[in-house]
Amino acid sequence: MKGYAKASSFEKVVTILILDDEFDLVTILKHGLEIQGFRVFSFTDPFLALEHFKINAFNYNLVISDLRMPGMNGFEFLTKVKEIKSDIMIFLMTAFEVSDMQSFAISSLKINEFIVKPFSIHNLNVIIDKYVSLKNNNS
């Protein structure tokens with residue numbers, strides 16, 4: 001477990017919101033990241049995730065969202081998240097090719113990391129470690 005993810009009276013636990021319309025995937029990601037010491041809240045409904053984020057935005061360090069979901073796509077969701085907390089780190093996941101228009105929209109949102117499915121929990125941990133370490137070093 002990484003030092004910055006351990007809960008102690010002096011260290012802040014990294015809190016992550018995960019959104020994907022695939023229940024099995026969010027369950028696996030939540031479990032895999034919690035084993036590493038992260039606090040994870042997972043959602044399959046973007047509207048519920050957004051309501052939760054509005055109330056708890058100050059607790060979050062990272063939001064990971066799928067791109068294609070029914071009702072509200074990941075770009076729309078992350079745009080709303082950034083309106084609430086502009087300095088939040090955001091990762092976007094997809095199993096599909098991204099069109100030029102989507103690419104432009106994604107770059108305008110300043111997404112920290114673009115993750116192509118399938119990926120391993122280990123690789124996700126490495127990516128998160130990199131960003132959390134950078135943020136801690138810049139603080």
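Each value in this text was obtained by applying a stated rule to the coordinates, not by laboratory testing. For clarity, every value in this text was computed on a predicted model and none was experimentally measured. Note that we place each Cβ from the backbone using ideal geometry, even for glycine, and neighbour counts take in every protein chain shown.
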## Note on the structure
Expressed in nanometres to one decimal, the distance between label points 7 Å along Cα→Cβ at Glu51 and Leu109 is 2.2
### Message
With both bridge residues required to lie in the range 15-127, what share of the DSSP beta bridges run antiparallel, to the nearest 5%?
### Response
0
### Query
In whole Hz, what ³J(HN,Hα) sequence does the range 30-40 give by Karplus (6.51, -1.76, 1.60; θ = phi - 60°), x for Gly and Pro?
4, 4, x, 6, 5, 4, 7, x, 7, 8, 10
### Query
With each label point set 7 Å from Cα along the Cα-Cβ vector, what nm distance links Glu83 and Tyr131?
2.1
### Query
Kirkwood Rh over Cα pairs of the range 28-92 into Stokes-Einstein at 10 °C, 1.306 mPa s: D in µm²/s?
130
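Can you tell me the FRET efficiency between Lys117 and Phe58 if r is taken as the Cβ-Cβ distance and R0 is 35 Å, rounded to the nearest 0.05? List each step's numbers first, then the result.
Numbers: r = 30 Å, r/R0 = 0.85.
FRET efficiency, Lys117 to Phe58: 0.75.
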### Query
Expressed as a whole percent, how much of the Cα-Cα distance distribution for the range 15-127 exceeds 16 Å?
54
### Query
In a shell of Cβ-Cβ distance under 15 Å around Met69, excluding Met69 itself, what net charge do Lys and Arg (+1) and Asp and Glu (-1) give?
-4
